[in-house]
Amino acid sequence: MADGTAEADTFPKLLIRNAQVRGLRPAIRHKDFGIWQTWTWAQVLDEVLAFSVGLDELGLRRGDKFAVIGANRPRLYWAMCAGQALGAVPVPVYADSVADEMAYVLDHAEATLAVVEDQEQFDKVLAVSERLPKLLQVFYDEPRGLRDYDHARLKSIDEVQRIGRQALAADAGRRARWQQSVAQGKGSDLSVMLYTSGTTGRAKGVMLTYDNVLISAQNGNTYDRLGESEEVIAYLPLAWIGDHIFSYAQSYVAGYCVNCPETGETVVEDRREIGTTYAFAPPRVYENLLTTTMVRMEDASAIKRRMFHYFIGVARRWGEKILNGEKVPLHARLLYGLGDFLVYAPLKNRFGLSRIRVSYTAGEAIGPEIFSFFRALGINLKQLYGQTEASVYIAAQPDGESFPDTVGKPNQDVEIRIAENGEVLFRSPGVFVGYYKDPEKTAETKTPDGWVHTGDAGFIDPKTGHLKIIDRAKDVGRLIDGTLFAPKYIENKLKFFPNIREAVAFGDKRDFVTAMINIDIVAVGSWAERNNVVYGSYQELAANPRVYEMIERHIEEVNRALVEEGVMAGAQIKRFLVLHKELDADDGELTRTMKVRRGLIGERYAPLIKALYEGATEAAIATEVTFEDGRKGTISARLKIRDVKVAPVAAALEKAA
């Protein structure tokens, strides 16, 4: 074909194909000022064409890297495709990155231009511009607040597209030359560079080809039978591989519509209006939905509370069996149907999940109670295991095989093996090319024959054939007495309680296990209101003796559960404290994907860890915090430390033996 789409192996080729075969179907929507704006595939092609030609006129060249910074907005997605049409490589950056983090990525990637959402993002780029000599131009989407800035190197996306349209109008052969540029692209070309979350140090630039991304997207679509009629809401960070696959790659491959919410705060309502059919969310989103629901039900009338809890009980007993197509008694099916009319359907509608066909969660372990709750409502919630280096897909749960303690079977064309030390390795079409400008790290992670070290410890469950993840391999340790210590496993058990938002466990090469806890301000705040507990700040609520008693009960329950694990019975938590502040990505304590940075926390909170192990009953700490405007301050506190009752382990050890 003259347009170069005989083999649609790049995003621009797929865009041209979609405009030809489904040009009138909606491709993307954006809710702005309360109104959904819709663009068809044909219209998106026109927008991207003008954008791409404008970028070409302004000097973007094949092989250049360009940054894309902001929330989920149509023109930021178009920017990626517009640059790819010229052979340039997009480098999405986390929108909530502080200026220093952004400077590192832009400098390391050698970005020559940046496409930003608004004034906030431009201000961060401007603040570090002296450290970015290769960054020559910045283009913005939202003009509010930018009128009085120096526009020598700053242009609106509207202006870039205007330049492109003028060039197309003035030269009859301009479109054909653009199509030739698209045709030059091939599946083996570098498609995108996504930076890791940097759990253990500086973020690494993961280089992915079109083949990596698009074959993985196609396999994912086939696995879940996704077609052009799906509706997806795009709210995850642009810089995260999950969004790049679910909201960009799979959409271009299948031709389905992606919906950009008005703001991050309106995602649930916007999802409700759209009627999402295919969704992804990390466990924290499902936890928050359930926590909010339970908090609101406590304020409902007594009759509504009783009805809610009764039918939720019915759902927990029969819901998953009905979802899996198992045989259930007629009376149970009728009772479940009544519960659906009175409780489940209104609840799913409130969540915006009434039309959901496939829903995934990944990134962290999800609590069994939370997982079962949503499946009991009739929502096909499944677990997925993936990495940036895999173009997402490593393992996923097939329909009808969803278990709260597994992450599924190998995805299509994916091989998984377990190393002698328990580390999970995989090989697939999605395996990354390497880390940008870091051949040593690449060689450490990727073997010459294409196997990738995930860094996670796990095993294949012989009963189900599903993969189970225990913890990060480097984090799995031993207590002094030889007891297995898997901190993430323990932390996830703690986070199954709605009152606990985050937890960090310590114990490797020590006599016993301790934990630092972050309370969930929504759940605990609601409890405080119902129980007449007065507080004026997060710090004050966290230090309340009754809150400590509540957390102590949760930890004792976790200890009893660990006894059931046999080999983990000796890793019960003996001492804990409740932190005076939330662990925060802006303070470097969490990654941008909300994973704990253990090394940094171990250094920053060393006085607290020391006190936990020296038998102290309280400890003082002064912690530096970063405010939203970039200023820094200090929060000081004197934290109480409590001992926790541990369950007898003799019987458990006998059982394990």
Practice task
Examine the stretch 420-434 for a residue that is surrounded by 18 or more Cβ atoms within 10 Å (Cβ to Cβ) and within 28 Å of GLY615 (Cβ to Cβ), and state whether such a residue exists.
Solution key: no
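Residues are listed down the side, and each one gets a yes or a no for (1) small (Gly, Ala, Ser); (2) surrounded by fewer than 22 Cβ atoms within 10 Å (Cβ to Cβ); (3) modelled with pLDDT under 95; (4) closer than 22 Å to ARG501 by Cβ:
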site	(1), (2), (3), (4)
TYR248	no, no, no, no
SER251	yes, no, no, no
VAL258	no, no, no, no
GLU269	no, yes, yes, no
PRO282	no, yes, yes, yes
GLU287	no, no, yes, yes
Practice task
Say whether the condition of being modelled with pLDDT of 85 or more and either surrounded by fewer than 20 Cβ atoms within 10 Å (Cβ to Cβ) or basic (Lys, Arg) (or both) is met by at least one residue in the stretch 564-573.
Solution key: no
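If you check ILE312, ILE303, which single one turns out to be in contact with a Phe, Trp or Tyr (Cβ under 8 Å, 6 or more places away or on another chain), in the same structural domain as GLN387 (by TED's automatic domain parsing) and β-branched (Val, Ile, Thr)?
ILE312 is the lone residue from the list that is in contact with a Phe, Trp or Tyr (Cβ under 8 Å, 6 or more places away or on another chain), in the same structural domain as GLN387 (by TED's automatic domain parsing) and β-branched (Val, Ile, Thr).
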Handout entry: Meets criteria (in contact with an Asp or Glu (Cβ under 7 Å, 6 or more places away or on another chain) and either assigned to a helix (DSSP H, G or I) or closer than 20 Å to VAL452 by Cα (or both)) for ALA167
Key = yes
Exercise for the section: Could you pull out the residue among LEU600, LEU577 that is assigned to a helix (DSSP H, G or I), closer than 26 Å to ARG284 by Cα and either modelled with pLDDT of 85 or more or of a type outside the set (A, V, I, L, M) (or both)? Expected result: LEU600
Fill in the blank from the handout: Of (1) crowded, with 21+ Cβ neighbours inside 10 Å; (2) touching a Gly at 6+ places or on another chain (Cβ under 9 Å), ALA67 fails just (2)
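Test VAL138 against the stated conditions and say whether it is outside any helix (DSSP H, G or I), closer than 21 Å to CYS81 by Cβ, more than 22 Å from the chain's Cα centre (by Cα) and aliphatic (A, V, I, L, M).
yes
Tell me the strands (runs of 3 or more DSSP E) entirely within the stretch 462-543 that contain at least 2 residues that are in contact (Cβ under 8 Å) with a residue 24 or more places away in the chain and farther than 30 Å from GLN397 by Cα.
Per the criteria, 513-519.
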Handout entry: Hey, ALA390 touching a Ser or Thr at 6+ places or on another chain (Cβ under 9 Å), on the phi < 0 side of the Ramachandran plot, hydrophobic (A, V, I, L, M, F, W, C) and free of Cβ contacts under 8 Å to residues at least 24 places away in the same chain or not
Key = no
Fill in the blank from the handout: For GLU552, the lone unmet condition from (1) over 23 Å from TYR489 (Cα atoms); (2) surrounded by fewer than 20 Cβ atoms within 10 Å (Cβ to Cβ); (3) modelled with pLDDT of 95 or more is (1)
Fill in the blank from the handout: So the strands (runs of 3 or more DSSP E) completely within the stretch 211-303 holding 2 or more residues that are more than 27 Å from PRO368 (Cα to Cα) are 257-260
Exercise for the section: Answer with yes or no whether ASP9 is assigned to a loop (DSSP other than H, G, I, E, B) and surrounded by fewer than 24 Cβ atoms within 10 Å (Cβ to Cβ). Expected result: yes
Fill in the blank from the handout: Checking GLU628, GLU582 in turn, the sole residue that is at pLDDT 85 or above and either of a type in the set (Asp, Glu) or not in a helix (DSSP H, G or I) (or both) turns out to be GLU582
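Given the structure, is PRO92 modelled with pLDDT of 95 or more, in contact with a strand residue (DSSP E or B) (Cβ under 7 Å, 6 or more places away or on another chain) and closer than 23 Å to ASP584 by Cα?
Answer is yes for this residue.
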Problem - Count of the stretch 394-423 residues which are touching an Asp or Glu at 6+ places or on another chain (Cβ under 9 Å) and part of a strand (DSSP E or B) - result: 3
Exercise for the section: Can you confirm whether the stretch 363-377 contains a residue that is in contact (Cβ under 8 Å) with a residue 12 or more places away in the chain, under 22 Å from THR293 (Cα atoms), small (Gly, Ala, Ser) and in a loop (DSSP other than H, G, I, E, B)? Expected result: yes
Practice task
Report yes if some residue within the stretch 106-127 is among the aliphatic types (A, V, I, L, M), in a loop (DSSP other than H, G, I, E, B) and under 23 Å from ASP56 (Cβ atoms); otherwise report no.
Solution key: no
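Would a scan of the stretch 298-316 turn up a residue that is of a type in the set (A, V, I, L, M) and either crowded, with 22+ Cβ neighbours inside 10 Å or under 30 Å from PRO26 (Cα atoms) (or both)?
yes
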Practice task
Confirm whether SER354 is closer than 23 Å to VAL285 by Cα, in contact with a helix residue (DSSP H, G or I) (Cβ under 6 Å, 6 or more places away or on another chain) and crowded, with 20+ Cβ neighbours inside 10 Å.
Solution key: no
Handout entry: Inter-residue pairs, beta-carbon under 7 Å, first closer than 17 Å to GLN84 by Cβ and buried (at least 18 other Cβ atoms within 10 Å of the Cβ) and in the stretch 168-186, second of a type in the set (D, E, K, R) and modelled with pLDDT under 95, 6+ apart
Key = GLN179/ASP3
Exercise for the section: Determine which member of the set ASP461, ASP481 is surrounded by fewer than 16 Cβ atoms within 10 Å (Cβ to Cβ) and within 30 Å of ASN518 (Cα to Cα). Expected result: ASP481
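The values are calculated or read from the model by the stated rules, or taken from the named source; none is laboratory data. Worth saying up front: this structure is predicted, and the values here are computed from it rather than measured. Heads up, the Cβs are rebuilt from the backbone with ideal geometry, glycines too, and the neighbour counts pull from every protein chain shown.
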